[in-house]
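Reviewing the structure listed below.
Bear in mind that the values in this text are calculations on the coordinates, not laboratory data. Just so it is clear, the model here is predicted, and its values are computed rather than measured. Please note: Cβ atoms are built from the backbone with ideal geometry, for glycine as well, and neighbour counts cover all protein chains shown.
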Amino acid sequence: MAGILKVPGAFDVTPHKVSLCILLQVYASPNQLFVPFPFSSFAQHNRLGLFLLALTKSCDDILEPKLHELINQSREIGSSSIDWLADHLISRLSSLSSPDDLFNLFTEMRGVLAGQDAGIVEDDQIILDPNSNLGIFLRRCILAFNLLSFEGVCHLLTNIASYCKEVLSSRAPHEAHLDGSGVNLMEASEYENMDLENLVFEKVTEEIEAKKKAGERIPFHLHVPTPIFGLVEDIELSAKPTFKQSTKGKEAISYAMTLDGSSGAVDHGFFLRSNWQIQGYLLEQTDAIEKHGSSFPLNALEFMLGQLQKLAPELHRVHFLRYLNSLYHDDYASALENLHKYFDYSAGIEGFDGIPPSSGFNNSGRYEIALLCSGMLHFHFGHPKQAVEALTEAVRVSQQHSNDTCLAYTLAAICNLLSEIGISNASGLLGSSYSPVANMGTSLSIHQQLFVLLKESLKRAESLKLKRLVASNHLAMAKFHLMHVQRPVLSFGPKASMKLITSPINVCKELRLSSNLISDFDIESSMMITDGSLSTTWLKNLHRQRGSSVIFEETEPGNRSNASSFFSQPNSIPGSVSQLVGASYLLRATAWEMYGSAPLARMNALVYATCFADCASSVDAAVAYGKLIQYLAAYKGYKAAFAALKTVEEKFISVSKSQIMVLKLQLLHERALHRGHSKLAQQICDELAVLSSPVTGVDMDLKAEASFRHARTLLAAKQFSEAAAVAHALFCMCYKFNLRVQDASTLLLLAEIHKKSGNAVLGIPYALASLSFCESFNLDLLKASATLTLAELWLSLGSIHAKRALTLIHSALPMILGHGGLELRARAHIAEAKCHLSDASFSVPETSGVVLDSLRQACDELQILEYHELAAEAFYLMAITFDKMGQLEEREQAASSFQKHIMALEKVTDEEDPLLK
Amino acid sequence: MGSKEICRNELRIAVRQLSDRCLYSASKWVAEQLVGIELDPVKFTPSNTRFQRGSSSIRRRFSTNENTSTPIAGVSYVSTPVMEEDDIVDGDFYLLAKSYFDCHEYRRAAHVLRDQSGKKAIFLRCYALYLAGEKRKDEENLELEGPLGKSDAVNKELVSLERELSMLRKNGSIDPFGLYLYGLVLKEKGSEHLARNLLVESVNSYPWNWSAWSELQSLCTTIDILDSLPLNNHWMKDFFLAGAYQELRMHNESLAKYEYLQGTFSFSNYIQAQIAKAQYSLREFEQVEVIFEELLRNDPYRVEDMDMYSNVLYAKECFSALSFLAHRVFVTDKYRPESCCIIGNYYSLKGQHEKSVMYFRRALKLNKNCLSAWTLMGHEYVEMKNTPAAVDAYRRAVDINPCDYRAWYGLGQAYEIMGMPFYALHYFRKSVFLQPSDSRLWIAMAQCYETEQLHLLEEAIKCYRRAANSNDTEAIALHQLAKLHCELGGLEEAAFYYKKDLERMEAEERDGPNMVEALLFLATYSKDQKRFEEAEVYCTRLLDYTGPEKETAKSLLRGMRMAQSGFPSMSAEHFPP
């Protein structure tokens, strides 16, 4: 253990302070004239003064430096007199052998101060102004000494003895190094840090000034991940007692030391000195835990926290961190235990050394936060029922204590909970218990309840000016609009029109509103800097300085440049804010994906991956990368996609395994279908289905997707009736759980099945239904593809419908060419060519250019995709065209290509796929 | 009988040896047990079965060649006089040191013995140093910080003591007492496993050192650890096991052991107090009171365990007895945590909670790990409506001993008071886990489920059922069960529980609104079930009560008579004369 533990809050005389007093005496020796004895110049003298000033300001730290550390630090003054200073200090300290010596020392100290009545001060005499910083410090020391009981004096004496002992015993070897050349590595690194600190100093002071003006509260961020975007819980715990000390100024002279016992514990083995740094360290760890999720080293942090708790038992946040740590490692029992412990302790009075929490919050004002947290804990562990109970209780208690802030957050959390679990199994959940939603009447569907709640929560957050919450509420709202098809809000009655709509405009609006957050923070960024974050910045720099890896080093050389440019300057925007803004981009990408603009979706995902990867949680980042890879697969073929997947897999090695896993399976399935490996496709399909039902609950989206893919596989294997049955069941399920978007695509799939089975008449109604779904839900790309299917269906009814089909295709073509993937484009091209070919009025020589052009394009695209079946069809059509045109050579070429693809399709090789484990 | 005689002889020598080594609390304990042995052994002719375990004498007498380990302990006891020899060699210094020690001048005692090499002298020196360190530590705790906060004061002698004792052990020149001290030092340092081993070694070679046993007991936190200890089968082991079972909340096992021990040590105050403790945990307050009354008659200046007696008196609301007890301990020794707790209890009973908190605080000042004081203080804060403070106090109690179900219960209660029944459930769950046989805990939990906010009646029913099964003295559970079932529409179950409740009330001759309610329900129910005779019985019983129920019963009776006699009269109408 380094240094001597000190009780925060009380100003005690410690050996460290005694040495400061001795140095002060040297600095302002009353008897010396002009430049005092040991100094050769003013500059040196002033440097000592600055050094002492910095030391006195950091005297509220939890740990104080040991004597040899102090001496090492004082070398910064860098004069020849330092040896004399050190000797003087040590000899003075070691000469203190009886309590009386101490009394005499402090009596002497009084002489350093200029008396109030001294009146005339001679110009060249150095006298400490009693009201200067140093003077006040000295006076405090003297006062504290005078207050000591005799036992206290005895303690001080023994402490001084042990404080000196180590230096005295190591003195002999130490002196050998005093020429300066033999400074060991450890010290060297300390010097570097010192420089660094000086840099940070200026910033720190500014920030502190700003904070003094601004903040009564210290926001304590708790981040809660949700699959699509992180709803950031920005709980403002009322200020910790330590805040009081911030007025004393917080320039911390401090440096990191590797703790003997923990040096093996990765790079967490830092020991921190000041209260603020510990707070900062805790905050940083909080962020890190959240960012890295379960890949965060459990035991290393646990060890650190144990140490911290031993050192500072009154620092209850340690319990909270323990809670977080076990939460992310899915240790339910310990998470629950620590959560309760944290709130039991921090909410009481006795644990606070008698300093009452800052005004604005009454003492019982924290228990609702406890409920909020326990609600989120249950949510995390997949106990929606308990979560709802806890959150409703939180609502009630915060209403009781009129804690509007907490209420707003709780409402947001309930919304989040509802939107996560509401779709599959929440009906009846809320009705069963007394809850704020229950009084809205049970006639409302869960979606309407959610909508009302979201509105309510947003209103509250806006009136309370909780910017982050407003932003995250906007995001939730956008997500709601995106995911849920609704009837027009005002008409619930049975007679109201049953027309369902989605509202992309609302989504867009909400997203924009949520992004406003960042501009708000630009304006007041300096005000919102938290106490911990400055220490965090400092720590981050330290990490870099020492070249130790920050666990999660970017492995991709391509991304490194982006990321590091963001690293390099300390970001003035808090992590939570940029996380929120990042989430809005991610949501934007999803929205565009849904509405059918691939380039825009890709752009947003790209923005997210480059700009916000730094602060994103790994789950979110994995989602963004997944989107990019999906884009690659659809537009650049599988080779590129798999190459990218490989790097991403390395990057997220254990973090969000399931996400990457799902992506990989999707890609593999897609490719197997195209290549005609239906057996493999089926196998992958089954794996996907397994993934959709993890222990914690069923992922409805994934489940729907798995069965969708199952139907497609059956279709590819030409088992039409089975495929239709599966698709039918899927449709029913989607309808039941309100997955309207999936409904539309399932209908399309049904149309497709009927088309393939040669039953075009049956297929048309499905295609039309899908079309109308897409229209009302604004699913543009899907609509284009439905139009295409419809055209194909018409076409297969006979050549008389060729014209109608062609107009349909032409209407969809702009959308398809602009946003569609390779497959869709190829299909459109082939269909167009087919239309031309089957048109009775079509004459080959005149329009062959059009046909061949589109066929050629289709062939190119399909070859990238390795989609043998369609490629064969395209080459066949091409061969026919050439045949009609009489170009035999080209005809042969096309025919041989056709043969190649047919062969590939028939030769269903069981070649081991390297990507399939 | 021989066995008693042997115990007596063993104890007699042990008292002398222990007090010679200044292990006073152990010698006190041993002496108490010595006196506790029945004086007139001829009265009883013990059967063989009674002495199957523990007593070596029987076996020796019947000269069975079973490999019992008890005789080995006897052997080690025989070898103890060897230590007496060096007493003669350095007797003078030793005597001086012992006198210093007796005057609490530990360092002086250690100093006198600095050059002595006898085992006894070495032990006394180390022990004196240890105690000196402990004393200084306590003082420092007081000087550095309030004893309510955590403090980092340590016994500064531990390091040097450990060094010396480990060296002695390596040389093999360590006696059982040294091993005990070594174990103590290691326990203080936190290496519990090693400490356990050493203590086991110590008690195996010298079983009469009760201090070693009790240190060992505090290190046995689970039954697995207890079972895995390689202990010799000495009769002292029974004392140890009884105590350990009690700590592990196996009260019935512990009680059985103590009752068995009482066969030999029938006058032992210690055993009586321990039995009282076990009975207290089993909530047999009447018996506890009787035991303590007798204890106080025999040993009027006893302070140990008296706080438990005060708890019982508190629970029974015996004002004067409690005040008498408080006065007695106050005069005897007011600076004992037990005394402070008793006084605190008294004030609490009087409703003067501020004063009571003050005394609990004093108890904590005297011993900051005083578990019951933290918990009781929590109760007081709850009474004073200072829930955050109560939460804090309870939480500290829980941190000292996570098995203290009262503190968990208190935490739950505090949160329930704050209107957070869901949050409180966590704590109630903890407490019922630790004490599943206590109906009050189950009832508290059930009431939590029953609150308007949670309204989880199914869960509440489950809890009440547990409560009803585990001896619900206040008879809340049955009534509530009936009511809840009624509310949920399970009339059959409701009738079942009302009947049970009724039987119980009859058996205990209680009366009141519950009785009326039960009767009324049963009357209506059996009427609806067309069991008119039964219904009539209930109705007639209801007629004994005043109030609206009487009228209801009357109208029910009338209705039934009408229905019964209605049929013939109807027929009469059909056939007019």
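Taking 7 Å along the Cα-to-C-beta vector as the label spot, tell me the A:Val850-A:Ser132 distance in nanometres, rounded to one decimal. Modelled inter-label distance: 9.3 nm. Taking other residues whose beta carbon is less than 11 angstrom from the beta carbon of A:Ala872, and scoring Lys, Arg as +1 and Asp, Glu as -1, yields -2. Give the shape of chain B as rounded, prolate or oblate, defined through the alpha-carbon gyration tensor: a ≥ b ≥ c are the square roots of its eigenvalues, a/c under 1.5 means rounded, and otherwise the shape is prolate if a/b is larger than b/c and oblate if not. The shape class here is prolate. Among the residues of A:388-394, the average count of other protein chain beta-carbon atoms within 10 Å of the residue beta-carbon is 4.
Charged neighbours of A:Ala605, selected by a Cβ distance under 10 Å, balance to +2 (K, R count +1; D, E count -1). The order of B:Glu458, B:Glu380, going from fewest to most other C-beta atoms within 10 Å of their C-beta, is B:Glu458, B:Glu380. Counting only other chain Cβ atoms within 10 Å of each residue's Cβ, the peptide B:388-395 averages 6.
Counting, for every residue in B:420-431, the Cβ atoms of other protein chains within 10 Å of its Cβ and taking the mean gives 5.
For region A:600-654, what does the alpha-carbon gyration tensor say about shape, rounded, prolate or oblate, given a ≥ b ≥ c as the root eigenvalues, a/c under 1.5 as rounded, and a/b over b/c as prolate? It comes out oblate by the Cα gyration axes.
Approximating the spin labels as points 7 Å out from Cα along Cα→Cβ, the B:Asp333-to-B:Thr552 distance works out to 6.0 nm. Peptides B:409-419, B:546-556, ordered by how many other C-beta atoms sit within 10 Å of their residues on average, highest first, read B:409-419, B:546-556.
Between A:Phe11 and A:Arg140, the distance separating the two model label sites (each 7 Å from Cα on the Cα→Cβ line) works out to 0.5 nm.
Considering all C-alpha pairs of region B:94-229, those separated by over 25 Å amount to 31%. Exceedance of the 27 Å cut-off in Cα-Cα distance is limited, within the set A:Lys341/B:Lys350; A:Lys341/A:Lys385; B:Lys120/B:Lys334; A:Lys17/A:Lys341; B:Lys462/B:Lys530; B:Lys187/B:Lys334, to A:Lys341/B:Lys350; B:Lys120/B:Lys334; A:Lys17/A:Lys341; B:Lys462/B:Lys530; B:Lys187/B:Lys334. With R₀ set to 25 Å, the beta-carbon distance separating B:Ile400 from B:Glu317 gives a calculated FRET efficiency near 0.30. Between region B:511-554 and region A:783-862, the C-alpha centres lie 87 angstrom from each other.
Could you work out the local net charge near B:Ala276, counting Lys and Arg as +1, Asp and Glu as -1, over the other residues with Cβ closer than 10 Å to its Cβ? Local net charge: -3. Ordering B:Glu201, B:Glu450, B:Glu304 by the number of other Cβ atoms within 10 Å of each residue's own Cβ, fewest first, gives B:Glu304, B:Glu201, B:Glu450. Ordered by the number of other Cβ atoms lying within 10 Å of each residue's own Cβ, fewest first, A:His45, B:His455 fall into the sequence B:His455, A:His45. A Förster radius of 45 Å, combined with the Cβ-Cβ distance separating A:Gln887 from A:Glu650, puts the computed FRET efficiency at roughly 0.35.
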